[in-house]
Amino acid sequence: MFIDTHAHLTSREFDADRETVLSRAREAGVEIIINPGTELADSRRAVELADRHPMVYAAVGIHPHEARHATPAVLQEIEELSRHPKVVAIGEIGLDYHYDFSPRPVQHEVFAAQLEIAARRNLPVIVHTRESLDDTIAAVALSIEHSPDWRTVRDTVNGRNSSARGVFHCYPGDVATAWRLVGMGFYISLAGIVTFKNPGAAADVAASVSTEHQLLETDSPYLAPVPHRGKRNEPANIPLIAARIADLQHLNVEDITRAANYGVYRLFGIGDAPGPRFTYPLKNSLYINLTIRCNADCIFCDRKGEAIVKGHNLKIDREPSAEEVIAEIGDPQRYNEIVFCGYGEPTIRLDVLKQVARWTKDNGGRTRLNTDGHGSIINKRNIVPELVGLIDAVSISLNSTDPAQYGALMRLDGARFFPAMVEFAREAVKALPRVVMTIVDLQEVDEDRARRFVEGEIGAVFSKRPFF
Ligand SMILES: [Zn+2]
């Protein structure tokens with residue numbers, strides 16, 4: 001099911017056939033639509049529409065174009081409207097230097113006031129920015145400084161705070177800035193621009209920012225995706241945008257929408273929370289979640305946090321038996337690979353892993369093991385010979401070539417575990433068909449050195465994965 005996080009159904013372009021547009025959306029698989037307000041009357045209309053239609057939710061706010069009409073009384077009424085149960089955000093708000101319909105100082109003042117409303121109400125924001133990205137981020141950063149608890153969950157277990165503060169809709173910036181916003185607790189959404197022949201930076205952003213941090217939107221009635229470009233846009237076009245992002249991400253439409261829908265759940269509190277899973281499909285492979293236990297405690301890992309991967313919930317409260325996993329796999333030939341992965345370390349459950357892998361191989365499937373490379377320490381023997389014939393590919397987290405940094409990143413004794421991981425990799429290269437070693441994309445980690453180490457010294461394939 002699709003969620004359109006940004007459609008102006010209250011716009012007069014839909015006055016003649018609003019109900020038909022909604023039923024076309026439903027037929028296209030769109031189950032939730034968020035209608036942001038652009039000024040006070042439009043925000044009222046958004047709330048009324050949400051009241052009439054279970055599938056519609058509202059955001060209330062004053063668009064930068066309308067900022068000059070935002071008196072204190074108007075802003076007070078926006079805050080009052082935000083108490084309606086179907087209002088899920090303050091929006092759309094922001095800065096627009098392209099048209100400058102309202103003087104910039106007024107835009108700033110009204111944006112700041114509405115960020116304050118959002119913080120006070122602990123609601124997320126839907127942000128509009130055009131030719132004003134730096135100033136918009138500065139304004140948002142300032143409001144976070146004033147209200148650090150705004151939409152933040154303090155994670156006392158993992159020591160990391162998780163925040164979901166809003167979305168930059170029709171995001172106009174580059175990849176690096178997008179990641180910066182993600183770090184500030186924001187989602188990115190790109191609308192139909194990604195489908196255009198000349199998408200500018202949008203295609204780069206769609207391809208590079210993990211799909212976990214992207215939402216889907218049409219921005220109807222504007223920015224219709226190809227092949228409807230130039231016509232009135234409507235929520236039923238969401239699948240076209242999802243398909244393009246899926247192409248760019250080398251994932252399936254299901255993966256994109258599942259991840260985006262989880263973002264909607266986390267940000268706006270609507271839709272369903274996913275239940276925990278023992279197996280989970282990604283692209284054309286099936287991933288096996290044998291355990292959430294791990295011998296390491298990596299600083300970049302969300303194992304003790306939400307433990308969500310592309311909308312799949314991996315936070316299992318018990319571990320599956322081999323029989324349960326085998327039953328869920330069904331026919332392994334339906335999948336490109338059966339991958340032992342998850343947030344835990346699969347070799348902690350070596351016997352179950354081997355049972356499932358053997359069954360998979362006996363039934364014509366391919367297998368891969370994603371591991372921290374500590375399986376031999378965990379099991380107190382060299383486990384590589386036991387994997388021969390059962391595991392086709394192994395992917396080892398290298399993380400860093402410096403034992404001290406390795407230990408710091410994984411929060412374990414680097415002097416002991418780094419050489420053990422390297423030893424595991426050397427054994428694996430000798431015995432298994434394919435060995436990949438990965439590092440996280442962190443500035444502190446020396447990528448060139450890691451690549452030389454993996455390709456030159458170990459003889460494995462080098463790969464890099466994003467930090468977030
Ligand atoms: Zn809009």
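Among the listed pairs Lys304/Lys354; Lys354/Lys430; Lys310/Lys464; Lys283/Lys464, those whose Cα-Cα separation exceeds 21 Å are Lys304/Lys354. Taking each residue as 0.36 nm, the span from Phe300 to Arg83 lengthens on full extension beyond its C-alpha to C-alpha distance by 74.5 nm. For Ala141 and Arg68, a Förster radius of 25 Å and the Cβ-Cβ distance give a FRET efficiency of 0.50, rounded to the nearest 0.05. Residues whose amide H falls under 5 Å from that of His6, counting only those 5 or more places apart or on a different chain, are Ile34, Thr218, Asp219, with hydrogens built in the peptide plane.
Only protein atoms count toward the accessible area here, which uses a 1.4 Å probe; on the chain, the carbon and sulfur part of that area reaches 49 percent. Taking 20 Å as the cut-off, the amide N atoms of region 208-231 that come nearer than this to a point 7 Å along the Cα-to-beta-carbon line of Ala243 belong to 215-220, 222-231. Ligands, DNA and RNA are left out, and with a 1.4 angstrom probe the accessible area of region 80-213 is 41 Å² per residue.
Spin-label model, Arg12 to Arg26: label points 7 Å out along the Cα-to-beta-carbon direction sit 2.9 nm apart. A simple rule links phi to the HN-Hα coupling: the Karplus curve 6.51 cos²θ - 1.76 cosθ + 1.60 with θ = phi - 60°, which for region 24-35 gives 5, 4, 4, 4, 7, x, 7, 10, 9, 10, 9, 9 Hz, with x for Gly and Pro. Along region 76-86 the Karplus relation, 6.51 cos²θ - 1.76 cosθ + 1.60 evaluated at θ = phi - 60°, assigns HN-Hα couplings of 5, 5, 4, 4, 4, 4, 5, 7, 4, x, 9 Hz to successive residues, with x for each Gly and Pro.
Taking label positions 7 Å along the Cα-Cβ direction at both Met1 and Ala112, the computed distance is 4.1 nm, reported to one decimal. Beta-bridge orientation, region 277-347: approximately 65 percent antiparallel, per DSSP, counting only bridges with both partners inside.
Taken one residue at a time, the phi angles of region 37-45 give Karplus couplings (6.51, -1.76, 1.60, θ = phi - 60°) of x, 10, 8, 4, 4, 5, 5, 4, 4 Hz. Gly and Pro are set to x. Provide the percentage of antiparallel DSSP beta bridges, counting only those with both residues in region 303-404; round to the nearest 5. Percentage antiparallel, nearest 5: 20. For region 338-399, the solvent-accessible area of protein heavy atoms averages 33 Å² per residue (probe radius 1.4 Å; ligands and nucleic acids excluded).
Summarising the label geometry, the points placed 7 Å from Cα in the beta-carbon direction at Asp351 and His228 lie 5.7 nm from one another.
Taking 0.36 nm per residue of separation and subtracting the Cα-Cα distance, full extension of the segment from Asp100 to Val388 would add 97.1 nm. Lacking any other cysteine beta-carbon closer than 4.7 Å, the following Cys residues of the chain have no compatible partner: Cys170, Cys294, Cys341.
The values are calculated or read from the model by the stated rules, or taken from the named source; none is laboratory data. Source: prediction; values computed, not measured. Here Cβ is always computed from backbone atoms with ideal geometry, including for glycine, and neighbour counts include all displayed protein chains. Just so you know, the surface numbers come from the protein's heavy atoms only, side chains and all, with ligands and any DNA or RNA stripped out. Shrake-Rupley method; radii C 1.70, N 1.55, O 1.52, S 1.80 Å.
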